[in-house]
Amino acid sequence: MSIRRKIIDYSRGNNLNHFWRLYRWQQKTSGGFLRDALTFMMSRSAYRHGGYVGPDAVIHGTPSLPHGLQGIFISRYAQIGEGCWIYQNVTIGEVNKKAPIIGNNCLIGAGAVIVGGVKIGDNVKIGAGAVVSTDVPDGCTVVSQPARILEPAVY
């Protein structure tokens, strides 16, 4: 990445490298003061970037956040697979301490809401503004409110 690109990303608040380093470090530590201090720093960093990532959320790999953490809420009970794209103002919330399990290579559009103990399969696309509260099988697309699942086309 060029120096110009780094400066632009930093000025916009999109440089999340330090946030993800804090997140990984916080995940590796066992309890105690160090974990509490890292959780505090991670939460402050997320707040600075305009979002929230729960300290106990399990995020495999580093998700692509094209608009930074702007308005993104990820519950502390959520699990997110590798290679996911999450756009702005997405809520991955919990109901009765049960949060979504999101598969690998998913795309979650702007303003989407995923709540409850639902399982989202691999390679799923969730459209902008969709509200998902049911399980979604692999390779499907989810659109509208209430959620409507479009099965993958078979050729």
Lysines with Cα under 16 Å of Lys97, excluding same-chain neighbours fewer than 8 positions away: Lys119
Mind pulling the angle between the C-alpha long axis of helix 3-12 and the longest principal axis of the chain? Nearest 10 degrees, somewhere in 0 to 90. 80
What share of the DSSP beta bridges in the chain is antiparallel, in percent to the nearest 5? 15
re the stretch 59-155: pairs of Cα atoms spaced beyond 21 Å account for a percent value of 20
Order of 38-46, 23-31 by packing, highest average Cβ count within 10 Å first? 38-46, 23-31
Counting only protein heavy atoms, what percent of the accessible surface of the stretch 70-126 is carbon or sulfur at a 1.4 Å probe? 48
In deg cm²/dmol and to the nearest 500, what is the mean residue ellipticity at 222 nm of the chain if only DSSP H runs of at least 4 residues count, each as -39500 (n - 2.57), divided by the residue total? -7500 deg cm²/dmol
Run the numbers for His18 and Arg48: contour at 0.36 nm per residue of separation, minus the present Cα-Cα distance, in nm. 9.6 nm
Per residue, how many Å² of accessible area does the stretch 16-125 show with a 1.4 Å probe? 50
Only Lys, Arg, Asp and Glu count, each charged at its Cβ (+1, +1, -1, -1), so figure out the dipole size of the chain about its Cα centre, rounded to 20 debye. 640
Compute the orientation-averaged projected area for the stretch 4-115 from the convex hull of its Cα atoms and round it to one decimal in nm². 6.9
Given the candidates Leu22, Val53, Gly103, the one whose Cα lies deepest towards the positive end of the charge dipole of the chain, counting +1 at each Lys or Arg C-beta and -1 at each Asp or Glu C-beta, is Leu22
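The values are calculated or read from the model by the stated rules, or taken from the named source; none is laboratory data. If you're wondering where the values come from, they're calculated on a predicted model, not measured in any experiment. Counting neighbours? That spans all protein chains shown, and the Cβs are built from the backbone with ideal geometry, glycine included. Just the protein is used for accessible areas: all its heavy atoms, side chains included, with ligands, DNA and RNA removed. Shrake-Rupley method; radii C 1.70, N 1.55, O 1.52, S 1.80 Å.
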